[in-house]
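Down below is the structure, laid out as structure tokens.
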Ligand SMILES: Cc1ncc(COP(=O)(O)O)c(C=O)c1O
């Protein structure tokens, strides 16, 4: 029997002021479902009725219902309305934390990284292994118009060599945004780089020499491992929790027992775990590293992709003495093709400037000017809001799909931002074999062993959710689930 349920009280104005209305509405309905007031099969009030009862716009209700659909609480039935789904989702458990590593280790050359990246460029493959967000997520037409206009107004930008640490209007915009996020950085403390990749490279080079030890999270972004390998450094992997980031106790122990020269980490929306370090933990980690008087390299490339209302602070916000070298780029938020990034390297500024000069001299001014104009007049905040909504929707659809198709015993992380979900299959599963099988179905996967220097994570994969969900994705996810089952 179909039952229609009366909507709860209007939204509290104090709370509504703090959060978007649609999020508050979605959360309050989710509570009613979880508490059993709205039961499976119940029809929730129509969009129009809910809009009148809650005194919010139709668009707000629609957005709240879409969020709940994505979270798996509601389903839309054609010409009938929205219903509570038969069984509210009970998601799989979260991944377990790795064991600590006793000694640092040199990083071997991993051909698999290059293979995964190469397949990622091939549009015929379903990009579960790829870190590249789909181009449709970015304001490419607007940026193209602005780039053309910048070039027409000042063609000498093409005709002059561009030695520079950063185009001032751009560094001012970046510094202004950090200030809003709780990090007071002056514009002239920034060095603009060729993507975050160059920033991370320069920072590591500035504070290490071959043979030195770098403490990193485990699992780690394979880009970190590639740079560590290229600089002939050793990696010491620190266990990292899929919710709250690097484990403080494990780091404390590792710093006591090893001659670590720098800690490199990603507190906000870690690649590949998706973890977000709470503020108190950021402070504790900072204090701990400061006690050992070490530099910190922070990769904050996903900081702006938070699904919650507030942008999490970078660790740099607690930096008292310039030891944190903050690195980021527009690669995940605005213009991956421009490959413009930056570092705020604190007390290492002069060294980074020198290294930037010998590495690439400068970052194309024409691109920096275009970005500066976009940040000033192009509606960057508006764009970020819709990008975050899209990322959040993709990720929730992936979580639901994995819940549907992956076998019992699978664990996965629940990121609050970014693009990645870390998936831990039952121990029997061999993700390298899984990758080979998946390639036959034109699906690209990133096996767990890419994210470590040890023989770990063979039964894990990193799932990239930066591409819009589609029937093709759904089918591909089902196929991966079937291939996993065949191995069990
Ligand atoms: C965590 C992380 N850091 C850095 C990068 C590289 O960024 P960029 O493209 O700006 O060089 C990536 C790219 O995927 C990444 O995932």
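The criterion of being free of Cβ contacts under 8 Å to residues at least 60 places away in the same chain and not assigned by TED's automatic domain parsing to the domain that holds residue 215 holds for residue 437.
Hey, can you tell me all the residues within segment 360-369 that are away from the ligand (no atom under 16 Å from the Cβ) and surrounded by 16 or more Cβ atoms within 10 Å (Cβ to Cβ)?
Result: 362, 365, 366, 369.
Restricting attention to segment 324-347 and to residues that are surrounded by fewer than 22 Cβ atoms within 10 Å (Cβ to Cβ) and in contact with a strand residue (DSSP E or B) (Cβ under 8 Å, 6 or more places away or on another chain), the residue that is nearest to residue 286 (Cα to Cα) turns out to be 346. The set of residues in segment 139-170 being outside any helix (DSSP H, G or I) and either more than 16 Å from the ligand (Cβ to nearest atom) or in the same structural domain as residue 417 (by TED's automatic domain parsing) (or both) consists of 139, 154, 155, 160, 161, 162, 163, 164, 165, 167. Is it the case, given these coordinates, that residue 227 is under 22 Å from the mean Cα position of the chain (by Cα), within 30 Å of residue 104 (Cα to Cα) and either within 16 Å of the ligand (Cβ to nearest atom) or assigned to a helix (DSSP H, G or I) (or both)? Yes: the conditions hold for residue 227. If the condition is being within 16 Å of the ligand (Cβ to nearest atom) and assigned to a loop (DSSP other than H, G, I, E, B), then segment 232-265 contributes only 242. Here segment 187-204 is the region considered, the condition is being farther than 15 Å from residue 339 by Cβ and within 13 Å of the ligand (Cβ to nearest atom), and the residue that is surrounded by the most Cβ atoms within 10 Å (Cβ to Cβ) is 203.
Within segment 28-64, the set of residues being buried (at least 20 other Cβ atoms within 10 Å of the Cβ), touching a helix residue (DSSP H, G or I) at 6+ places or on another chain (Cβ under 7 Å) and part of a helix (DSSP H, G or I) comprises 29, 50, 54, 60, 61, 64. From the list 357, 330, 307, which residue is within 14 Å of the ligand (Cβ to nearest atom) and either assigned by TED's automatic domain parsing to the domain that holds residue 213 or modelled with pLDDT of 95 or more (or both)? Exactly one of 357, 330, 307 is within 14 Å of the ligand (Cβ to nearest atom) and either assigned by TED's automatic domain parsing to the domain that holds residue 213 or modelled with pLDDT of 95 or more (or both), namely 330.
The values are calculated or read from the model by the stated rules, or taken from the named source; none is laboratory data. All figures in this text were calculated on a predicted structure; none of them were measured in a lab. Quick reminder, even Gly has a Cβ in these numbers, built from the backbone with ideal geometry, and neighbours come from all protein chains shown.
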